[in-house]
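These notes concern the structure reproduced below.
Only the coordinates and a few stated rules stand behind these numbers; no lab work does. Computed from a prediction, not measured in an experiment: that's the story for all the values here. In this analysis, Cβ positions are derived from the backbone assuming ideal geometry, glycine residues included, and neighbour counts consider all displayed protein chains.
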Ligand SMILES: Nc1ncnc2c1ncn2[C@@H]1O[C@H](COP(=O)(O)OP(=O)(O)OP(=O)(O)O)[C@@H](O)[C@H]1O
Ligand SMILES: [Mg+2]
């Protein structure tokens, strides 16, 4: 077996993809059947066998209850979140709550955390790549939506650990796509990356200067993608069927799954044709025997079904340009990334919005994985110095304070890595600990933000109130992940961080989830050569206004010296950020319009009456 190599992995909601750099060129890795898109699907069959990828997807129609798909929509989310509630309306596998609001999945008799499901997918991708390349793979870069929050990122990190894969960097998907577009081309351009995949939407605006890729602003919706288009179409089919036969197919898991599957195919067909037929035989039985679905839908009608979803992405585009302080005319290119950008309405609306023809320079399915491979290769060869990714925090991170308020520590779109300090003073005599609840969200109301961590610093000096100070340092890594440390500035002693409860903290149900690897059959793979170093970027330091905290009074904030290791770690920053409240809200409200099963007839009869 040759020396271990590193790959880039695009861990998608519906499909994943891996890529590698060989002889200085990135390329996607196909499986033995020639397919480079690996379904992000995990199943347990009736014999208890675990299936991942194509084999899992192939059996979904006969085993919907024990087949997990679109797990990325649930990862790192609290069970009580709106998104989990919405997802539960159309997924057939069992989604259950665990401690700390964690979402777990039951497949046959076994529980799986979302990180474990993702670990199985990562492991499968690694095995596909190992088989093709004939080399052992223990390192990878993995991409995540730019708008993923801290908990979601941590959950993906954990998935890598469970898969025994050394994830050397987590990169934002649109940033990776921009790399695939501009790496090594000596560009000097501002570009927008519009990434609409199976389950998520991101829009990032980047300034590309040679091999420096600086994200100016980003926004998105981690619950908007092709799956929602399929669902809209499926609702239309259910409505039509119920109207004709008075049978609600959406209640039957197998019928539901068959309709959803067919709808994805019809949606894809409608990208190339003005109309398509939905033909599903033997879907139910009626008084006179078996019933079939046989419907024809025109592209215009499909477009009416999804138009509000597409429009919600444009609101994000507007907000991101504003945040980036750029005008549409400043952009040299708009890249369309993700399979759902093949929907003609999407491409048309994006073109109308930006007033520029979308670039054909990147492949919508491959760009993210190729970018991930480029950065993976660069890190391995040059410590990441030949290419610099400067990313941003997608969603504001702050501290919860009384009266349902949040004091921001890092505003959305602040550069990462980043570091800030706050000083708190004791508010009670002999106070022994300091607790902080960290939230992520763009709302000033704590109740509208997502808790990402509970920090408790213990063992404080015993003294009358007001006489103990605690200096808390907040650090956002290049991957957009927060860590918090504290010290007593008067004694210089580090405070012990007793607890760090992360909402993404995931249960491990299977100690030996990943089987030991078989030796890899050897094939010849050459690796790379390449370029030179670029510049450094300093951690951006911002001051934060003093605000009172729950247990401690916050006294002052001071900038942090950018010395030592952390400064070094900033040389090749990757960043991420999250959506605007406006975007999320508009997308959400768009989705809230989605009729519930019981309401289908009423709402759809109004909605479709024109065509009948
Ligand atoms: N020709 C097409 N027309 C319309 N939709 C398409 C077409 N081809 C693929 N899609 C859709 O694109 C989506 C998959 O795209 P992609 O692989 O980029 O997403 P993903 O990586 O799985 O998801 P995400 O990036 O959101 O996590 C699916 O919903 C699929 O149905
Ligand atoms: Mg994707």
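Observations on the structure shown:
- With the simple model of a label 7 Å out from the Cα in the direction of the Cβ, residue 94 to residue 186 spans 6.2 nm.
- Pairwise FRET efficiency - residue 25 versus residue 332, Cβ, R0 = 22 Å, nearest 0.05: 0.35
- Segment residue 246-residue 308, extension gain: residue separation times 0.36 nm, minus the distance between their alpha carbons: 19.5 nm
- 4 °C / 1.567 mPa s Stokes-Einstein diffusion coefficient of the range 373-506, Kirkwood radius on C-alpha pairs, µm²/s: 79 µm²/s
- Among 510-516, 269-275, the order from most to least packed when residues are scored by Cβ within 10 Å on average: 269-275, 510-516
- Stretchable slack from residue 363 to residue 109, in nm (0.36 nm times residue separation minus alpha-carbon distance): 87.4 nm
- Backbone N under 11 Å from the residue 273 label point (7 Å along Cα→Cβ), restricted to the range 190-214: none
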